[in-house]
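What follows is one structure encoded as structure tokens, with my remarks underneath.
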Amino acid sequence: MSAEPRAALLREMVRIRRFEDKCAELYSAAKIRGFLHLYVGEEAVAVGVLARLRPDDAVVSTYRDHGHALARGVPMAAVMAEMHGKVSGCSRGRGGSMHLFDAEHRFYGGNAIVGGGLPVAVGLALSDAMRGHDRITACFFGDGAVAEGEFHECMNLAALWKLPVLFCCENNLYAMGTALSKAQAETDLALRAASYGMASWPVDGMDVLAVRAATERATQVIRGGGGPCFLELHTYRFRAHSMYDPERYRDKSEVERWKRHDPIDRLAEAMRADGELTDAAVEELERAVDEEIAHAVDFAESAPVEPVEDLTRFVYAERP
Ligand SMILES: Cc1ncc(C[n+]2csc(CCOP(=O)(O)OP(=O)(O)O)c2C)c(N)n1
Ligand SMILES: [Mg+2]
């Protein structure tokens, strides 16, 4: 792979990482409220998958949705304003961190319900199939969602009707404080997906190039009419489940071990080894990203809140 796309993947992962570091800081300062689930450590998944989707494909996310939204192209300022609950946010400040939404980018939302995005994704794909659109819906969800009944209903219908869904299972080994092996009898999630009769395979989710290549292969199958595909992306969150989690369920040494596979360092090291990345280029990248973040924070802090008289709007669809 040439230097240019690798630089773009690196830039996107650094953008997500530094954006979320800023969010954690703003949360501690009570500028951002509600729940906050960070994606730190898992950036290669969103960036690698979304690098191979087309603008007219659809994306469905989880409550850990900042990385998916940014990698999809939802403007950072609109995401930051949403985190602040401001009307200029991508969901008019009504959703917050867990409910980023942007129809223009076909980003059909974060979702606070574990597994809740799966039926939305299958419905979007069914709609595309019925209308004859050559479009894919990528659906991100965690290992925890595999224990939900709707997961199995969705896998079955998508396979039965050969719907164009790319199932992206972010297996970070934990659902809140419960280890996968303590909750699920069969922990090979790609194997379980295969039992529904769809192409599925495990992927090193800490390697953005591997994720990108697997997505390329899966989208070829789906666009070729082969029905849905399932990627089990092995990844790890470096930070707590949410900002309230004391992390008593895992050893610090386990976290440190996974940090040695940091997806950003891994790509940067490969690029350095090939003479594609210098210290000066890293500095410039971080400076540009920090400038974008500072602009997003200014935009969010100075944006207005929803006027009180609008508070009952959007509960039901408005008549034209
Ligand atoms: C239907 C439902 N059950 C329980 C919860 C509470 N809950 C919030 S996050 C979570 C863990 C989900 O873990 P996973 O799907 O692996 O995603 P991760 O947080 O690891 O990204 C649970 C059980 C919920 N939000 N929705
Ligand atoms: Mg998980």
Point to revise | Cα→Cβ-extended label distance, 7 Å offset, between Ser181 and Phe238, nm | key: 2.5
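Of all beta bridges DSSP finds with both residues in the chain, what is the antiparallel percent, to the nearest 5? Numbers along the way, then the final one.
Working: 3 of 25 bridges.
Once the DSSP bridges in the chain are tallied, antiparallel ones form about 10 percent.
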Check your understanding: Non-local amide H neighbours of Ala138 (under 5 Å, H modeled in plane, Pro and chain starts lacking H): which ones?
Key -> Ala58, Val59, Val60, Leu166
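Rg to Rh for the chain: what is it, with Cα atoms only and Rh by Kirkwood? Please list the in-between numbers first.
Details: Rg = 19.3 Å, Rh = 20.1 Å.
That ratio is 0.96, to two decimals.
State the extension gain, in nm to one decimal, for the chain segment bounded by Asp274 and Ala294, taking 0.36 nm per residue of separation less the distance between their alpha-carbons. Intermediate values should be presented prior to the final figure.
Details: separation 20, 0.36 × 20 = 7.20 nm, distance 3.21 nm.
Full extension from Asp274 to Ala294 adds 4.0 nm.
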**Study point:** Phi-based couplings in Hz for region 265-282 (Karplus 6.51, -1.76, 1.60; Gly and Pro marked x)
**Key:** 4, 4, 5, 4, 5, 5, 5, 4, 4, 8, x, 9, 9, 10, 4, 5, 5, 5
Exercise for review: Using Cα positions and a limit of under 19 Å, work out the aspartates and glutamates in reach of Lys182, with same-chain residues fewer than 8 apart set aside.
Suggested key: Asp143, Glu148, Glu170, Glu232, Asp245, Glu247, Asp251, Glu254
Point to revise | Fully extended contour minus Cα-Cα distance, from His152 to Trp201, at 0.36 nm per residue | key: 15.9 nm
**Study point:** Cα-based reach from Lys22 at 17 Å (exclusive), listing lysines while leaving out same-chain residues under 8 positions away
**Key:** Lys31
Exercise for review: Name the most mobile residue of Gly275, Gly93, Gly85, meaning the one with the largest mean-square fluctuation, in a Gaussian network model of the chain with Cα contacts below 10 Å.
Suggested key: Gly275
Practice item. Run through the DSSP bridge list for region 154-296 and note the antiparallel percent, rounded to the nearest 5. Key: 15
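Using a Förster distance of 56 angstrom, determine the FRET efficiency expected from the C-beta separation of Arg250 and Arg319, and round it to 0.05.
Details: r = 52 Å, r/R0 = 0.92.
That gives a FRET efficiency of 0.60.
Once every DSSP H run of n ≥ 4 in the chain is given -39500 (n - 2.57) and the sum is divided by its residues, what mean residue ellipticity at 222 nm do you get, rounded to the nearest 500 deg cm²/dmol? Please list the in-between numbers first.
Working: 12 runs with 145 residues, N = 320.
Rounded to the nearest 500, the figure is -14000 deg cm²/dmol.
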Review point. Nearest 20 debye, what's the magnitude of the dipole of the chain about its Cα centre given +1 on Lys and Arg Cβ and -1 on Asp and Glu Cβ?
Key: 640
Revision key, fill the gap. Once Arg257 and Val308 are pulled to full extension, the length gained, defined as 0.36 nm per residue separation minus their Cα-Cα distance, is 13.4 nm
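Each reported figure results from applying straightforward, stated rules to the coordinates on display, with no laboratory input. For clarity, every value in this text was computed on a predicted model and none was experimentally measured. Cβ atoms come from the backbone with ideal geometry, glycine included; neighbour counts cover every protein chain shown.
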